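The values are calculated or read from the model by the stated rules, or taken from the named source; none is laboratory data. Since we're looking at a predicted model, the values are computed, not measured. Heads up, the Cβs are rebuilt from the backbone with ideal geometry, glycines too, and the neighbour counts pull from every protein chain shown.
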Amino acid sequence: MKLLTRTKKQVTNPPNIYKTMILGTAGSGVTTLTRTFIWECYYDDPTIEGSPVYNHFSHLVNHTDHQVDSYRKRISIDNEQVILEVLDLGSYTHDEAGSALRKLYMKDSEGFMLVYSITSRESFRGLDAIRSEILDDRNRSAVPFVLVASKSDLEEQRVVSHQEGEELALSWECPYLTTNATIYDDAIQGPFEQMVREIRKSREGAKTPRVEERGDRRKTRSLGDCMIL
Ligand SMILES: Nc1nc2c(ncn2[C@@H]2O[C@H](COP(=O)(O)OP(=O)(O)O)[C@@H](O)[C@H]2O)c(=O)[nH]1
Ligand SMILES: [Mg+2]
């Protein structure tokens, strides 16, 4: 008995991996937000590769082919140690080749952070097309999203109101957060934490047995994390 107890204590579950993707039209702040979160500091132009700061952190960037950057960070969210994987596919374009590649990566991701800049209406408008592409081939209610309004420090250049962001999130039934990626503080983790929570809800929803499977003949319809009977 004693031996069994000891063996049990030594076994620790590997941390849960959450595969996420961060998307937005060019210039929205996708790369900056990701790198400030991963690197735990802000560097004013993370796109300048080969700079001293970039070289310092480059081992944390896993460049795949096709200019896709992938990152992994181990963090504690709600007392659970998780490994958060973040894919940054670069600027969003509608060209067919890019789109086919994106779809492959999208299929492999569990949650999506959609970013627009409060200083660009175009970036706000662009999100609908991105979301539609993600929802292609998927059960609409089962996709975890987080909406992020970036560059909150540029209030004087704001062209998209806070209310518009809130309304969009309401229509998508997803969390809405604002960020300033030029400062590394606890707030930068907010959207990523929320992303993990949305994925958890979706996983839990997937585990809930459908009523038919429990032998009940009533029809069910899944809506986000709730079950309509
Ligand atoms: N003031 C401010 N600038 C930002 C913020 N996030 C990104 N930027 C700047 O916006 C520009 C585009 O950012 P980037 O991350 O490359 O956008 P991406 O094309 O969506 O990856 C860069 O010059 C960043 O330094 C922010 O929160 N505040
Ligand atoms: Mg980028």
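Pairing residues of the range 144-155 that are closer than 20 Å to residue 26 by Cβ and more than 7 Å from ligand 1 (Cβ to nearest atom) with residues that are small (Gly, Ala, Ser) and outside any strand (DSSP E or B), at Cβ distances under 6 Å and at least 6 apart in sequence or on separate chains, gives 147/169; 149/165.
Here the strands (runs of 3 or more DSSP E) wholly within the range 163-229 that include at least 3 residues being at pLDDT below 95 and at negative phi are 221-223, 226-228. Residues in the range 11-46 that are within 14 Å of ligand 2 (Cβ to nearest atom) and hydroxyl-bearing (Ser, Thr, Tyr): 25, 28, 31, 32, 34, 36, 43. Condition check: among the aliphatic types (A, V, I, L, M), under 27 Å from residue 162 (Cα atoms) and modelled with pLDDT of 95 or more. Does residue 84 satisfy that? No.
Every condition in (1) modelled with pLDDT under 70; (2) assigned to a loop (DSSP other than H, G, I, E, B) holds for residue 6 except the one numbered (2).
One residue is enough: does the range 52-73 have a residue meeting the conditions at pLDDT below 90 and at positive phi? Checked the range 52-73: at least one residue is at pLDDT below 90 and at positive phi. With the structure loaded, tell me whether residue 122 is surrounded by fewer than 20 Cβ atoms within 10 Å (Cβ to Cβ), more than 15 Å from ligand 1 (Cβ to nearest atom) and modelled with pLDDT of 90 or more or whether it fails that test. In short, no.
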